[in-house]
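The values are calculated or read from the model by the stated rules, or taken from the named source; none is laboratory data. In this text the structure is predicted, and so the values were computed from the model without any measurement. Glycine also receives a Cβ, built like all others from the backbone with ideal geometry; neighbour counts cover every protein chain displayed.
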Amino acid sequence: MSILNRKDLEHLERRELQLTLLSAVFVLVQAAGLAVLMYPLVFVRVDYGNKWTLRVAYFGFCVLTLLFVGYLLDRQRLVRKLKQDLLEQLERNVQLRQQASVDILQSMPGQDHFWDRLAMEHRRAMTMHKTLSLLLVQSKRTSGAGTAEQKTAAAGDAAKAMSRKLRPTDSIYNLSPDIFAVVLPESDTLNAKQVAARLQEELRAVRATHGITFEISVHNYPEHVRSSHELEDIVKSLLPDAQKSELRVPVGSV
């Protein structure tokens, strides 16, 4: 699990069980010693006082000791059951979050929509003498390769975080498991860098939760590139080789 360290929890549970058993043994030893010391006064020397009162107190003490030890053991069993129920609930919540991340990634437009949108926005910017910016967001794990579920959860959380900081006219695309593209119509380089800073701020929680760093590069037309082909080449240079071979030629590229 990404939220709880199961090994540490199991260690704490073993320690608590050991402390409970130690407490029960300590109470039994003390009670047994006291009962041994009380036995002669209750059953041997019966020539004074009310012997039945002493015997009732003696047996009552033994019963209370056994009840107290039973309470300690029952408490340990109840706490362990509550912990198990809590862990199961947390695991279900993690699974629901992962499923939500999968749904978000599946609902996001991919490469086909990205190429069409990029070509259309470039033609529009070129015709109307407007600017166009493209943000490429790359994620890299800081510790280990990570499982497929962890990567999907991280990508889904990142997509949700970035979507909250975009304008209605902006659009975000999932190009690969580790790369997102954000198209910013009518944005110059300065505005694009401000958007990138806001995205980095929003991705801080994702970085802390999943151990992932994000690199955002800014590309602007016409300041950095002069044609849509140059933008496409920049994107293709970041894609995995397996996806480069499957790329289709964008329609209407200029």
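Results for (1) surrounded by 17 or more Cβ atoms within 10 Å (Cβ to Cβ); (2) assigned by TED's automatic domain parsing to the domain that holds LYS193; (3) outside any helix (DSSP H, G or I), shown as yes or no for each residue.
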{"site": "GLN95", "(1), (2), (3)": "no, no, no"}
{"site": "SER101", "(1), (2), (3)": "yes, no, no"}
{"site": "TRP115", "(1), (2), (3)": "yes, yes, no"}
{"site": "LEU118", "(1), (2), (3)": "yes, yes, no"}
{"site": "HIS122", "(1), (2), (3)": "yes, yes, no"}
{"site": "MET126", "(1), (2), (3)": "no, yes, no"}
{"site": "LYS130", "(1), (2), (3)": "no, yes, yes"}
{"site": "LEU134", "(1), (2), (3)": "yes, yes, yes"}
{"site": "VAL137", "(1), (2), (3)": "yes, yes, yes"}
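Go through segment 125-163 residue by residue and tally those that are out of contact with any strand residue (DSSP E or B) (no Cβ under 7 Å at 6 or more places or on another chain) and basic (Lys, Arg).
Number satisfying all stated conditions: 3.
Output the helices (runs of 4 or more DSSP H) that fall wholly within segment 149-239 and possess 3 or more residues being free of Cβ contacts under 8 Å to residues at least 12 places away in the same chain and at positive phi, or say none.
Output list is empty.
Looking at (1) under 18 Å from MET108 (Cα atoms); (2) out of contact with any His (no Cβ under 9 Å at 6 or more places or on another chain), which is the one condition that is false for SER171?
Evaluating SER171 over (1) under 18 Å from MET108 (Cα atoms); (2) out of contact with any His (no Cβ under 9 Å at 6 or more places or on another chain) leaves (2) as the failure.
Note down all Cβ pairs under 7 Å where the first residue falls in segment 101-113 and is closer than 12 Å to ALA153 by Cβ, the second is outside any helix (DSSP H, G or I), and they're at least six residues apart or on different chains.
Close Cβ pairs (under 7 Å, with a partner that is outside any helix (DSSP H, G or I)) amount to LEU105/ASN174.
What single numbered condition from (1) surrounded by 12 or more Cβ atoms within 10 Å (Cβ to Cβ); (2) among the β-branched types (Val, Ile, Thr); (3) modelled with pLDDT of 80 or more fails to hold for VAL46?
Result: VAL46 fails condition (3) only.
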